[in-house]
Ligand code: NAD
């Protein structure tokens, strides 16, 4: 990640070719597509809903009626590859369980489409590398759905950290979790989710540490606890981990599926502090700093609208989009070091990206 993130996000609001909107296909019509992505696409300036991909025919009918899609704009997982002949689809947005991101990203790239993929990018760094290679081979962009990188409080926090407004950063404290319900859902199945709270929401705390420092962690030490070994038989419930960055900045993080209310970061710098709580949800985000003259307060925005339009605009203008697959890969490299540390009971180093 770089300081150009703020520029990328801000440019989503700039005018481009008048009326030019890229066509998006949503793959997977679950909670996120239904409640956030499709409504955001209706408001978008550079993006529109052109097609859907679903395994449930009844959902296809409902979506056709609601969004005025023609019958041939509803694909199934089996007919998905036919999108190669659909000029109305520019971007494929993968909104499936984590283990399916790899397959559908590669199939979309082979069909010549740009790919926007939900977090976590995949179940392993190896899969991330294959997804990046497939998109590069197809000369198509691969963006990752790290919506906080398009949110105003987070962008300003990055500026405060990077420009050392409170002096050099010294320590970070970040956490995200919630009490997960239904024990039968895919998020608790390792084969589909890749892991538990860490893969799902811990990645937000990890991201925050990475984009605030602008650095990659070099050493990680982690500990896992389970209060319900039956419900969490396959995946992690609660993980605490510490990271050391090359500049010497340290971080303590927590993620959980066990309880509500953990949703924050605090940045400790030489001459002051700043942070957010709540921090990673879709609305109600609140920032603070130790200096009343330097507020961290902005209107709430639609993160999904911002990220999708920023991706479309980057493609329309021929610019490279960030956060790209490389950013998703860097998170998986850190996540793998966290799981290795839990298994070994020791401090682990993070594998290098290249
Ligand atoms: P969901 O369970 O609501 O929807 C998943 C969709 O995948 C459903 O339409 C389901 O029918 C389909 N599916 C296909 N094969 C499946 C299988 N074998 N098992 C289960 N479902 C299957 O999930 P969601 O909350 O929409 O999450 C989808 C993706 O989006 C995940 O990768 C998740 O991490 C990500 N997500 C991101 C955010 C964010 O804020 N960026 C928020 C929520 C979810």
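The values are calculated or read from the model by the stated rules, or taken from the named source; none is laboratory data. Quick caveat, the model's predicted, so the values are computed rather than measured. Neighbour counts are summed over all protein chains in view; Cβ atoms, including those assigned to glycine, are modelled from backbone coordinates with ideal geometry.
Taking residue 140 as meeting all but one of (1) touching a helix residue (DSSP H, G or I) at 6+ places or on another chain (Cβ under 8 Å); (2) not in a loop (DSSP other than H, G, I, E, B), write down the number of the exception. Checking residue 140 against (1) touching a helix residue (DSSP H, G or I) at 6+ places or on another chain (Cβ under 8 Å); (2) not in a loop (DSSP other than H, G, I, E, B), the one that fails is (2). Number of residues in the stretch 166-179 that are assigned to a strand (DSSP E or B) and either outside the structural domain of residue 264 (by TED's automatic domain parsing) or closer than 22 Å to residue 280 by Cβ (or both): the value is 8. For residue 218, the conditions (1) within 16 Å of residue 168 (Cα to Cα); (2) touching a residue at least 60 places away in the same chain (Cβ under 8 Å) all hold with the exception of (1). Any chance the stretch 163-181 includes a residue that's within 12 Å of the ligand (Cβ to nearest atom), closer than 21 Å to residue 75 by Cβ and touching a strand residue (DSSP E or B) at 6+ places or on another chain (Cβ under 8 Å)? The answer is no, given that none of the residues of the stretch 163-181 is within 12 Å of the ligand (Cβ to nearest atom), closer than 21 Å to residue 75 by Cβ and touching a strand residue (DSSP E or B) at 6+ places or on another chain (Cβ under 8 Å).
Here residue 282 fits the description: closer than 22 Å to residue 151 by Cβ, within 13 Å of the ligand (Cβ to nearest atom) and at pLDDT 95 or above. Report yes if residue 214 is away from the ligand (no atom under 16 Å from the Cβ), modelled with pLDDT of 95 or more, within 19 Å of the chain's Cα centre (by Cα) and surrounded by fewer than 21 Cβ atoms within 10 Å (Cβ to Cβ), otherwise no. So residue 214 fits the description; yes. The sole residue among 309, 302, 291 that is surrounded by fewer than 16 Cβ atoms within 10 Å (Cβ to Cβ) and over 16 Å from residue 121 (Cα atoms) is 291. Looking across the stretch 30-49 at every residue that is crowded, with 19+ Cβ neighbours inside 10 Å and in contact (Cβ under 8 Å) with a residue 60 or more places away in the chain, the one that is farthest from the ligand (Cβ to nearest atom) is identified as 46.
Can you confirm whether residue 275 is surrounded by 15 or more Cβ atoms within 10 Å (Cβ to Cβ), in the same structural domain as residue 335 (by TED's automatic domain parsing) and more than 23 Å from residue 217 (Cα to Cα)?
Working: surrounded by 15 or more Cβ atoms within 10 Å (Cβ to Cβ): yes; in the same structural domain as residue 335 (by TED's automatic domain parsing): yes; more than 23 Å from residue 217 (Cα to Cα): no.
For residue 275, the condition - surrounded by 15 or more Cβ atoms within 10 Å (Cβ to Cβ), in the same structural domain as residue 335 (by TED's automatic domain parsing) and more than 23 Å from residue 217 (Cα to Cα) - is not met.
Exactly one residue among 8, 52 is part of a strand (DSSP E or B) and either modelled with pLDDT under 95 or within 16 Å of the ligand (Cβ to nearest atom) (or both), and that residue is 52. Scanning the stretch 65-114 for residues that are within 15 Å of the ligand (Cβ to nearest atom), out of contact with any helix residue (DSSP H, G or I) (no Cβ under 7 Å at 6 or more places or on another chain) and not in a helix (DSSP H, G or I) yields a total of 4.
Yes/no matrix, rows are residues, columns are (1) more than 19 Å from residue 202 (Cα to Cα); (2) buried (at least 24 other Cβ atoms within 10 Å of the Cβ); (3) within 16 Å of the ligand (Cβ to nearest atom):
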site	(1), (2), (3)
116	yes, yes, yes
121	no, yes, yes
124	no, no, yes
130	yes, no, no
133	yes, no, no
137	yes, no, no
140	yes, no, no
150	no, yes, yes
154	no, yes, yes
